1. Looking only at segment 319-337, count how many residues are more than 11 Å from Ser185 (Cβ to Cβ) and either surrounded by 17 or more Cβ atoms within 10 Å (Cβ to Cβ) or among the basic types (Lys, Arg) (or both).
2. For segment 256-340, give me every one of the helices (runs of 4 or more DSSP H) that falls completely inside it and has 2 or more residues that are in contact with a Phe, Trp or Tyr (Cβ under 6 Å, 6 or more places away or on another chain).
3. Just to be sure before I move on: is Arg224 in contact with a Gly (Cβ under 8 Å, 6 or more places away or on another chain) and among the charged types (D, E, K, R) in the structure I sent?
4. Would you mind telling me which numbered condition in (1) within 16 Å of the ligand (Cβ to nearest atom); (2) surrounded by fewer than 23 Cβ atoms within 10 Å (Cβ to Cβ) Gly297 fails?
5. For segment 170-180, check the following and say yes or no: at least one residue is touching an Asp or Glu at 6+ places or on another chain (Cβ under 7 Å), in a strand (DSSP E or B) and of a type outside the set (Lys, Arg).
6. From the set of residues in segment 231-252 that are part of a loop (DSSP other than H, G, I, E, B) and either outside the structural domain of Glu278 (by TED's automatic domain parsing) or more than 20 Å from the chain's Cα centre (by Cα) (or both), which is surrounded by the fewest Cβ atoms within 10 Å (Cβ to Cβ)?
7. Looking at segment 184-204 only, could you name the residues that are outside any helix (DSSP H, G or I) and within 12 Å of the ligand (Cβ to nearest atom)?
8. Here are some residues: Ser127, Ser168. Which one is free of Cβ contacts under 8 Å to residues at least 24 places away in the same chain, more than 14 Å from the ligand (Cβ to nearest atom) and of a type in the set (Ser, Thr, Tyr)?
Amino acid sequence: MLRDDYFKKGREFFGVKYPIICGAMTWVSTPDLVAAVSNAGGFGVIAGGNAPVDILRQQIEETKKLTNKPFGVNLITIAPNYKQHLNLVVEMNLDFVIFAGSFPRQNEIEMVKASGAKTLCFASTKSIADRMVRYGSDGLILEGMEAGGHVGHVSLTVLLQQVLFELSEDIPVFVGGGIATGKMSAHLLMMGASGIQLGTMFAVAKESGVHQNFKNRIFRANARNAVSTPQFDSRLPVVAVRAIKNKAHDEFSKLQFDLLRKLDNDEITRHQAQMDVENFWIGALRDAVIDGDVDNGSIMAGQSAGLVNEELSVSEIVVGMSDQIELELQKVKEKLNLIK
Ligand SMILES: Cc1cc2nc3c(=O)[nH]c(=O)nc-3n(C[C@H](O)[C@H](O)[C@H](O)COP(=O)(O)O)c2cc1C
């Protein structure tokens, strides 16, 4: 099989059959989903998010009961419980720890590696990628702004040229954001990626416990409906999150205009305005994922939502994508053989 060559680096890195990662998704990545992905031969990741440390411990223990295959734990370096999460993963001697949010300090990477885990860091620019390599990260994840959830500002196309093409010979580089087909994945592997990270497609899988309303909104969505939260004025910075546009987005825009008017009229301090902006989305992902409130909650999803129209099982996603990858590699080989 042609894909064996292209899967080799990612397969050896994770010790899995298929280097297809289900990226961590706060509230979505339950032990059931994570274990289902790993049991299907992919790589599941638990989301540390803002979870209380005991809940994260429980999730790790539960996942270990559901699978004996490799899985990872994703830590958000800017989360309030980050330090406790870090101590927990070190204490539990996990196999894989992924740092997200911002970038970790060198001593944090070293501490996790000393506990026996391999580490992965997100790199949103070449200079961050270089720094993470210098700090000792074992692998990199490039996530384009097409992705669901908290996003950077650079598209995967540019990150591929800036980072993948420069570093894929030196370190395993995994890519994500807007990917939902084996065909695309095959070309990314040919470009040097060691594996593919998907979020939205797994969020709506059969084994995913997200509310049916959440799934339905994603099935109905076009790529252009997955928008990043807007920022209208540099006085009110907004953390960019990509989600399916809904009533909450309109309310959030109204809130910002209202706050900007009040700032212009000195009716409110910048600190108060910023607090109002930050408080707006608190609990919104949970509202949509768990309670199914898809009007007022946050339906985080990538532009890949436009490519995801049906509820597949995790195994259909993982095996189906691998088969499509093989098919595409064969097609490319045939095309190249035709060139004299
Ligand atoms: C609902 C949702 C929640 C997410 N939460 C996290 C998170 O907690 N940590 C993280 O590193 N990435 C998070 N992500 C990003 C995913 O792990 C993944 O990189 C992204 O969804 C890939 O883009 P795609 O959705 O187009 O496949 C989240 C994405 C979604 C859709």
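1. Total satisfying the criteria: 4.
2. Result: 284-289, 314-338.
3. Details: in contact with a Gly (Cβ under 8 Å, 6 or more places away or on another chain): yes; among the charged types (D, E, K, R): yes.
Here the answer is yes, as Arg224 does meet what is asked.
4. (2)
5. yes
6. Filtering segment 231-252 for residues that are part of a loop (DSSP other than H, G, I, E, B) and either outside the structural domain of Glu278 (by TED's automatic domain parsing) or more than 20 Å from the chain's Cα centre (by Cα) (or both), the one surrounded by the fewest Cβ atoms within 10 Å (Cβ to Cβ) comes out as Ser234.
7. If the condition is that a residue be outside any helix (DSSP H, G or I) and within 12 Å of the ligand (Cβ to nearest atom), then Ile196, Gln197, Leu198, Gly199, Val204 are the ones that fit.
8. Ser127
The values are calculated or read from the model by the stated rules, or taken from the named source; none is laboratory data. Given the structure is predicted, the values throughout are model-derived calculations rather than measurements. So basically every Cβ, Gly included, is an ideal-geometry build from the backbone, and we count neighbours across all protein chains shown.
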